[in-house]
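Engineer: Below is one structure. I have some questions about it.
Nothing in this text is a laboratory measurement; each read-out follows from the coordinates by a stated rule. Just so it is clear, the structure is predicted and the values come from calculations on it, not from any experiment. For neighbour counting, all protein chains shown are included, and Cβ atoms are generated from backbone atoms with ideal geometry for every residue, glycine included.
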Amino acid sequence: MNKTNKYADIEKMSFEKAMEELEGIVSELENWSIELEESIEKYQRGIQLKKHCDQKLKEANMKVDQIEIDKDGNVTEKPFVRNKK
């Protein structure tokens, strides 16, 4: 199984589900409750989960940044403008 398929299920996870799994992995690694080889696999999965969570947060921040409230309290959404870097 190649790496892209190995972690494909992560891409479908909600932020909350990914964080829950990541917290579980961190707990297992901190408690030394698993064998070395499994620890390495869990660590690798944890890295992918963290990347996924970071991306989800970035997307959420971009959405929030698009929200405007006018002087009358009406909420509108600004059109998205991609920053060129």
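Engineer: Taking Cα atoms, how many degrees apart are the long axis of helix 36-65 and the longest axis of the chain, rounded to 10 and kept between 0 and 90?
Structural biologist: Once rounded, one gets 0 degrees.
Engineer: For the pairs LYS6/LYS78; LYS17/LYS71; LYS6/LYS56; LYS6/LYS63; LYS51/LYS71; LYS12/LYS63, flag any whose C-alpha to C-alpha distance is greater than 26 Å.
Structural biologist: From LYS6/LYS78; LYS17/LYS71; LYS6/LYS56; LYS6/LYS63; LYS51/LYS71; LYS12/LYS63, over 26 Å: LYS6/LYS78; LYS17/LYS71; LYS6/LYS63; LYS51/LYS71.
Engineer: To the nearest 20 debye, what charge dipole does the stretch 1-57 have about its Cα centre, counting +1 at the Cβ of each Lys and Arg and -1 at the Cβ of each Asp and Glu?
Structural biologist: Taking the Cα centre of the stretch 1-57 as origin, the dipole is about 380 debye.
Engineer: At 222 nm, what helix-only mean residue ellipticity would the chain give, in deg cm²/dmol to the nearest 500, using -39500 (n - 2.57) for each DSSP H run of four or more?
Structural biologist: Counting only the DSSP helices, I get -21000 deg cm²/dmol.
Engineer: For the chain, what's the relative contact order in percent, using C-alpha pairs closer than 8 Å and at least 6 residues apart?
Structural biologist: Relative contact order, the chain: 26 percent.
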